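Step one of this worksheet: look at the structure below.
Quick note: the coordinates plus some simple rules give every number you see, no bench work behind them. The structure presented is a predicted model; accordingly, all values stated were derived computationally and were not measured.
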Amino acid sequence: MDIRGTAALVTGGASGLGEATARMLSAAGATVTIVDRDEDRGSALAKELGNAQFAAADVTDEADVQAAVDHAAGTGAPLRIAVNCAGIAWLGRTLNKDNSAHALADFVRVITVNLVGTFNVLRLAAGAIAGTEPGEDGERGLIVNTASIAAYEGQIGQVAYAASKGGVVGLTLPAARDLSVLGIRVCTIAPGTFETPMMMTLPEAARASLGQSVPFPKRLGRPEEYAKTVKFLAENGMMNGEVIRVDGAIRMAPK
């Protein structure tokens with residue numbers, strides 16, 4: 001797919017992986033709709049990029065996401081790319097040290113944002129992409145989801161987060177199969193330890209230690225490296241139904 005001349009939607013687009021993706025897509029010639037709850041950062045980024053607009057939305061809200069998708073589809077360029085970067089992290093053991101159980105509300109919240117929110121965007125974006133004219137090989141577009149290596153090696157305290165990201169991994173292939181008749185591809189990226197706003201809340205020494213645990217390169221991943229993977233997926237039409245680990249060969253220990 002040629003990114004230039006398309007419309008793209010990026011959730012969680014005001015910061016971190018989403019911001020890097022919005023910047024990459026904008027530089028590649030797409031008209032980008034930045035979807036986020038942070039109106040100040042999102043609006044400022046859209047203004048900076050120029051060929052971008054901001055849509056405030058909660059990915060778990062059907063009306064919010066439909067409005068954002070309509071916004072992206074109404075730019076005058078065909079909506080062909082949707083990237084799901086919105087998500088939250090949470091730490092909590094199945095049983096706490098006092099043997100009290102993991103709060104059910106916290107588990108449900110993480111699943112709702114990371115898994116249900118991803119599917120909400122996927123299904124509604126797919127509906128808009130399906131209405132575009134097909135291009136080469138009958139392709140209409142691409143949806144990229146964000147999982148995590150925690151889907152495979154969730155650490156102690158990541159039971160909710162790992163379950164949510166495991167769900168994103170699990171829906172990738174069936175969603176790709178569902179949408180194949182419409183010429184819509186679905187892929188997922190599973191990042192390792194990346195320089196994201198959540199990661200940057202840790203002390204510098206802790207971030208350095210995490211970087212050193214990566215086999216190679218011995219550092220945290222950079223958001224632009226995630227964005228480059230999105231670009232690769234967009235431009236390679238044979239990438240479909242796949243989950244790609246972008247992690248420097250790290251395999252997470254229990255803690």
Would you mind checking which residues have amide H under 5 Å from residue 246's amide H? H placed 1.01 Å from N; only 5 or more apart, or other chain.
190, 192
Separation of alpha-carbon centers, segment 5-23 and segment 214-242, rounded to whole Å:
14 Å
In a GNM of the chain with a 10 Å cut-off on Cα contacts, which of 93, 245, 80 has the highest mean-square fluctuation?
93
How tilted is helix 16-27 with respect to the longest principal axis of the chain? Cα atoms for both, answer in degrees (0 to 90, nearest 10).
20 degrees
Give me the angle, in degrees from 0 to 90, between the Cα long axis of helix 39-49 and the longest principal axis of the Cα atoms of the chain, rounded to the nearest 10.
50 degrees
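Mean separation of Cα pairs under 8 Å and 6+ residues apart, divided by the residue count of the chain: what relative contact order is that in percent? Walk me through the numbers before you get to the answer.
On the way: 539 pairs, mean separation 51.6, N = 255.
Computed value for the chain: 20 percent relative contact order.
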Helix axis angle, 159-179 relative to the chain longest principal axis, alpha carbon, degrees
30 degrees
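Can you count the Lys pairs in segment 7-246 whose Cα atoms are under 23 Å apart, with each pair 8 or more apart or on different chains? If you can, show how the numbers build up before the last one.
Working: 47/228; 47/231; 165/228; 165/231; 218/228.
Taking the Cα cut-off of 23 Å, the pair count is 5.
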